[in-house]
Amino acid sequence: MGKISLTGIKPTGMLHIGNYFGAIKPALELAALYDARYFIADYHALNQVKDAAELRNAIRHIAAGWLASGLDPQKVIFYRQSLVPETFELSTMLMAFTSKGLMNRAHAYKAAVSANTARGEDADAGINMGLFTYPVLMAADILLFDADFVPVGRDQTQHVEMARDIAETLNHNYHETLLVPPQAFVQENAAIVPGIDGRKMSKSYGNVIPLFSTEKELRKLIMRIVTNSQGVDEPKDPDSSQIFLIYRYFAAPDEVKTFEGRYRAGGMGWGDAKEELFRVVNRELSPIRARYEALMAEPAQIDRILAEGSEKARFIAARTIRRLRKAAGMS
Ligand code: TRP
């Protein structure tokens, strides 16, 4: 059997082109090389999203976004965490092998505590147990499926290391490799797409270009990209221009070269540069947008794809749970 690549996608917020180049595309490339198991981490989202309509929408939006971007549910097991209840059984079992001190050291929890302390509030204000035990649930997601590689952003590597720790503690206790210790797979050259204000594109900065906006909205956003005050005739430095930095992700190498030449030669105004950026962005996103809209028009189809994937996932999950119950003396 080939190596297994697994990742979870938290359904919060709207997909943007930073997610597309930084997470979706690299994960789909990995899916061509490994047995891929990708899922919607809706129980992880529940810690933040407490509105039912918002969560339901976010789940469909993320699922449709990945499918429209090229995820093939015949090749990738694509499922929803909440439809695989074995996750929660494993999570409870892992609790017994996870020291509280390990959770105290988790970056996300520590950041929440220091934000509270800085504001002069109680250290645990607004922190629920879902946030505190987040790494255990994530370990269950990973360990349930014997994942070798977990493609994640740098901010999630600590969680994968914790999953590894927990797996090793359990294996050590039963003198048997019951759980596969996973490895984070961080692409060193992972795309860091700049936002329209020049900082890293991130929904927390409000500087994103959504993956699925109408053509009109897309043009409007591109026209809002921050530039300097150089005039049309002046030669311009491509590498310090957000327009150019975003362009590189969407254009073919010869187009990038030509565009770079136009920057350096002078005679190209920022308005022209933005039109050229719009052209290539829209060229790439149009077919994805069309597939996305077709899926969103039939949410029952999205739900069915996730339900079918979840059936396949449960088959694997049940095997892991049987193995563990036996080892633990529960059957
Ligand atoms: N915590 C991840 C994030 O916020 C999402 C996630 C949940 C995940 N379970 C996972 C990622 C398992 C990889 C493996 O992005």
Relative to the first principal axis of the alpha-carbon coordinates of the chain, what is the inclination of helix 52-68, with its axis defined by its Cα atoms, in degrees from 0 to 90 and to the nearest 10?
70
Enumerate the lysines that residue 203 could reach by cross-link, defined here as Cα to Cα under 27 Å, with residues fewer than 8 away along the same chain left out.
10, 25, 50, 110, 216, 220, 274
With a Förster distance of 35 angstrom and the Cβ-Cβ distance between residue 233 and residue 110, calculated FRET efficiency to the nearest 0.05 equals 0.10
Determine which residues of the range 85-117 fall in the zone a paramagnetic label at residue 315 would reach in this model, i.e. backbone nitrogen under 20 Å from the point 7 Å along Cα→Cβ.
85-87
Full-stretch length increase - residue 92, residue 124 - with 0.36 nm per residue and alpha-carbon distance subtracted:
9.3 nm
Compute the distance from the alpha-carbon center of the range 159-175 to that of the range 248-271, in whole Å.
50
Within the range 179-196, whose backbone N sits under 12 Å from a point 7 Å along Cα→Cβ of residue 102?
181-182
Rg from C-alpha atoms of the range 234-331, normalised by the globular rule of thumb 2.2 N^0.38 Å, equals 1.98
Out of 270, 225, 288 - ranked by how far each Cα lies towards the positive end of the dipole of the range 212-292, with unit charges on the beta-carbon of charged residues - the top one is 288
Full-extension gain between residue 188 and residue 214, please, as 0.36 nm times their residue separation minus the C-alpha to C-alpha distance.
6.1 nm
Could you tell me what a quarter of the Cα convex hull surface of the chain works out to, in nm² with one decimal place?
19.3
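Read-outs throughout are calculated quantities, based only on the coordinates presented, and are distinct from any laboratory measurement. For clarity, every value in this text was computed on a predicted model and none was experimentally measured. Glycine also receives a Cβ, built like all others from the backbone with ideal geometry; neighbour counts cover every protein chain displayed.
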